[in-house]
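Notes follow once the structure below has been shown.
The values are calculated or read from the model by the stated rules, or taken from the named source; none is laboratory data. Remember, predicted model here, so these are calculated numbers, not experimental data. Methodologically, a virtual Cβ is constructed for each residue, glycine included, from the backbone with ideal geometry; neighbour enumeration extends over all protein chains shown. We work out accessible area using only protein heavy atoms, side chains counted, and drop any ligands, DNA or RNA first. Shrake-Rupley method; radii C 1.70, N 1.55, O 1.52, S 1.80 Å.
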Amino acid sequence: MPAMPPRPFILHEANYQQLKAFRPNVAVLPWGATEAHNYHLPHGTDVIEATSLAESAAAAAHAAGAEVVVLPAIPYGNNAQQLDQVATISLCTATAAAILADVAHSLAAQGIDRLVLLNAHGGNDFKPLIRDLQAEFKMLIVLINFWQLLPEVARATFDDPGDHAGELETSFLMHARPDWVAPLSEAGPGATTPFKLAGLKRPGVWTPRPWSATHPDTGCGNPAQSTAEKGRRYVEAVGKEIADVLVELSNAKKGELPYL
């Protein structure tokens with residue numbers, strides 16, 4: 001395998017000489033989770049998704065002239081309802097807030113005043129944290145939940161995208177890390193058991209799902225129709241969308257709304 005030189009837009013690889021010459025103004029923080037994903041996907045699925053999208057988007061943005069750097073991923077998310085599932089790791093909101101505050105403080109001290117959270121876990125809720133930290137550090141903090149981008153592409157690509165370890169995520173991993181996907185014959189159907197209380201099913205009414213009780217194989221959505229080609233089409237489209245956001249953020253001038 002040919003040697004690959006360190007990429008200046010990937011902090012895990014870049015050296016100080018590169019970073020001093022390159023001087024990023026946008027940092028991307030991939031944030032995932034460590035949790036069960038049915039019987040066929042790795043516990044690190046969300047980390048893989050966030051990292052691979054961040055790196056591919058940053059590569060495209062860098063090629064377009066953006067001054068962007070991808071930070072090492074945060075591998076843990078809020079999984080409080082899944083702690084009965086072996087080797088699931090959960091961060092409470094206070095811990096996530098402290099991590100994010102320390103990252104923001106570090107970047108602001110170096111003049112990097114634009115931070116993008118690239119989130120791949122539905123249980124992570126960053127909006128209140130961002131509101132507080134953006135005011136404290138006078139930096140632009142942007143949240144991207146990748147699965148909410150391009151819903152029309154998801155509908156056109158997948159028969160049933162699913163919510164967790166379904167067709168979308170399985171296809172993503174088949175494309176990104178096929179060696180870590182177990183045969184689909186080993187996967188559960190991703191069927192869910194709904195709440196018995198009718199009031200909990202109403203739009204606008206929410207409570208955390210007791211995951212093992214409502215998701216017997218830990219999945220939500222049937223992965224049976226997943227393919228690597230579907231994953232490729234979806235990942236490329238979403239990666240391009242993220243790259244466009246990074247280029248705009250890097251080119252933004254301070255003082256021009258909404259960047260203050």
### Task
Return the only residue of V153, V181 being under 22 Å from E35 (Cα atoms) and open to solvent by 20 Å² or more (accessible area, probe 1.4 Å).
V181
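Collect the residues in the stretch 225-254 that are open to solvent by 60 Å² or more (accessible area, probe 1.4 Å) and either touching a helix residue (DSSP H, G or I) at 6+ places or on another chain (Cβ under 9 Å) or small (G, A, S) (or both), keeping them in residue-number order.
Our first condition is that a residue be open to solvent by 60 Å² or more (accessible area, probe 1.4 Å); within the stretch 225-254, this holds for 225, 229, 232-233, 236, 240-241, 244, 248, 251, 253-254.
Correct list: Q225, E229, R232, R233, E236, K240, E241, D244.
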### Task
Report whether or not G65 is modelled with pLDDT of 95 or more, over 24 Å from K127 (Cβ atoms) and surrounded by fewer than 23 Cβ atoms within 10 Å (Cβ to Cβ).
yes
### Query
Pairs under 8 Å by beta carbon, first residue farther than 22 Å from I144 by Cα and among the basic types (K, R) in the stretch 7-30, partner part of a loop (DSSP other than H, G, I, E, B) and open to solvent by 50 Å² or more (accessible area, probe 1.4 Å), six or more apart or different chains?
R7/E13; R23/E67
### Task
Can you give me the number of residues within the stretch 10-51 that are open to solvent by 30 Å² or more (accessible area, probe 1.4 Å), over 18 Å from the mean Cα position of the chain (by Cα) and not basic (K, R)?
9
### Pairs where the first residue, in the stretch 195-212, is within 20 Å of G123 (Cβ to Cβ) and the second is open to solvent by 60 Å² or more (accessible area, probe 1.4 Å) and in a loop (DSSP other than H, G, I, E, B), C-beta under 6 Å, 6+ apart
S212/D84
### Query
Taking the stretch 33-76, which residues are touching a Gly at 6+ places or on another chain (Cβ under 7 Å), assigned to a loop (DSSP other than H, G, I, E, B) and among the charged types (D, E, K, R)?
none
### Query
Residue check: is A80 small (G, A, S), out of contact with any helix residue (DSSP H, G or I) (no Cβ under 7 Å at 6 or more places or on another chain) and either at positive phi or without any contact (Cβ under 8 Å) to a residue 12 or more places away in the chain (or both)?
no
### Task
Within the stretch 99-120, track down each residue that is open to solvent by 10 Å² or more (accessible area, probe 1.4 Å) and part of a loop (DSSP other than H, G, I, E, B).
Q110, G111, I112, D113
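How many of the residues making up the stretch 89-98 are out of contact with any helix residue (DSSP H, G or I) (no Cβ under 6 Å at 6 or more places or on another chain), part of a helix (DSSP H, G or I) and either aromatic (F, W, Y) or open to solvent by 30 Å² or more (accessible area, probe 1.4 Å) (or both)? Break it down into steps so the answer makes sense when it comes.
Initial filter on the stretch 89-98 (out of contact with any helix residue (DSSP H, G or I) (no Cβ under 6 Å at 6 or more places or on another chain)): 89, 91-96, 98.
Narrowing further to those that are part of a helix (DSSP H, G or I): 93-96, 98.
Those left that are additionally either aromatic (F, W, Y) or open to solvent by 30 Å² or more (accessible area, probe 1.4 Å) (or both): 93-95, 98.
Within the stretch 89-98, residues that are out of contact with any helix residue (DSSP H, G or I) (no Cβ under 6 Å at 6 or more places or on another chain), part of a helix (DSSP H, G or I) and either aromatic (F, W, Y) or open to solvent by 30 Å² or more (accessible area, probe 1.4 Å) (or both) number 4.
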